[in-house]
Amino acid sequence: MKEQLKRLLNQIEAEVRLTLGMTGRRALDPKVMSAIAATPRDKFVPDRYLDSAYDNAPLPIGHGQTISQPYIVALMTDLLELEEHAKVLEIGTGSGYQAAILSLLCEQVYTIEYVPELAEVANARFKELGYDNIKCIAGNGYDGWPEYAPFDGIIVTAAATHIPVALIEQLKPGGRMVIPVGAQNRYQELTLVEKDENGELDIRGVLSVAFVPFQGEHGS
Ligand code: SAH
């Protein structure tokens, strides 16, 4: 596994350099790369994909969903620019891989998964692997998680046609949100939303991406 992980880290770094023109990032924060290196992706993929666990590619996780491509996970994590004491909200737990990486870089991760079975499997994984700063529930992330808001970072890992208002409201001044926005079942624009201390928003596209669709966009 060690060799495969090393190859994956090299591939992520190479893809970061290749996409510099779009993302403006020549290299990712070494802390993000360390978090990727410390997270056993083989524990987050179905057994039949074990051989591909360290490929720089998305893989099916059942229910028509996928674990994202590691390069995209790394880039989205980097864009959040998390500080140690940050509270982060993720919409779309899926396998739990992205949440596990986030949990190494901040104080607390809150993550919501639409498919109850996936939330259940992810919760069991977090417990087994000892990720004790991740809180995961089944539900519709369109409404965010008001109980724990506001968040320093919000990451959406399913393609939305627009940025849900509740998520903008639940972003702390000075916080950052990363979300793929655009037509579903096609390409979307990975979008970075920055809220300044006065609550003003700066919104810009970072990269063209292809995510599975956001479910229940009109709220629960
Ligand atoms: N972050 C995941 C990748 C998830 S794929 C990982 O690391 O494995 C996108 C996930 O978003 C899917 O599991 C899908 O069920 C979930 N999803 C889609 N719409 C959602 C919604 N409205 N609320 C919460 N989760 C949603």
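Checking the stated criteria, ALA99 turns out not to satisfy the condition of being in a helix (DSSP H, G or I) and more than 19 Å from VAL209 (Cβ to Cβ).
Is it the case that PRO70 is within 12 Å of the ligand (Cβ to nearest atom), open to solvent by 30 Å² or more (accessible area, probe 1.4 Å) and at pLDDT 95 or above?
Working: within 12 Å of the ligand (Cβ to nearest atom): yes; open to solvent by 30 Å² or more (accessible area, probe 1.4 Å): no; at pLDDT 95 or above: yes.
Spelling it out, it is not the case that PRO70 is within 12 Å of the ligand (Cβ to nearest atom), open to solvent by 30 Å² or more (accessible area, probe 1.4 Å) and at pLDDT 95 or above.
The set of residues in the range 77-130 that are within 14 Å of the ligand (Cβ to nearest atom) and on the phi > 0 side of the Ramachandran plot comprises GLY92, GLY94, GLY96.
When the range 188-220 is filtered for residues that are away from the ligand (no atom under 16 Å from the Cβ) and assigned to a loop (DSSP other than H, G, I, E, B), the ones remaining, listed by number, are ASP196, GLU197, ASN198, GLY199, GLU200. All conditions in (1) over 22 Å from PHE126 (Cβ atoms); (2) of a type in the set (A, V, I, L, M); (3) open to solvent by less than 30 Å² (accessible area, probe 1.4 Å); (4) not in a helix (DSSP H, G or I) hold for ALA27, with the sole exception of (3). Residue selection: TYR114 satisfies the criterion of being more than 17 Å from GLU194 (Cβ to Cβ), in contact (Cβ under 8 Å) with a residue 40 or more places away in the chain, open to solvent by 50 Å² or more (accessible area, probe 1.4 Å) and more than 13 Å from the chain's Cα centre (by Cα). In the range 136-177, of all residues being within 9 Å of the ligand (Cβ to nearest atom) and among the aliphatic types (A, V, I, L, M), the one that is farthest from GLU197 (Cα to Cα) corresponds to ALA138.
Would you check if GLU107 is touching a residue at least 24 places away in the same chain (Cβ under 8 Å), in contact with a strand residue (DSSP E or B) (Cβ under 8 Å, 6 or more places away or on another chain) and open to solvent by 50 Å² or more (accessible area, probe 1.4 Å)?
yes
The values are calculated or read from the model by the stated rules, or taken from the named source; none is laboratory data. This one's a predicted model, so the numbers in the text were calculated from it and none came from an experiment. Note: ideal-geometry Cβ built from the backbone for every residue, glycine included; neighbour counts use all protein chains shown. For accessibility, only protein heavy atoms count, side chains too; no ligands or nucleic acids. Shrake-Rupley method; radii C 1.70, N 1.55, O 1.52, S 1.80 Å.
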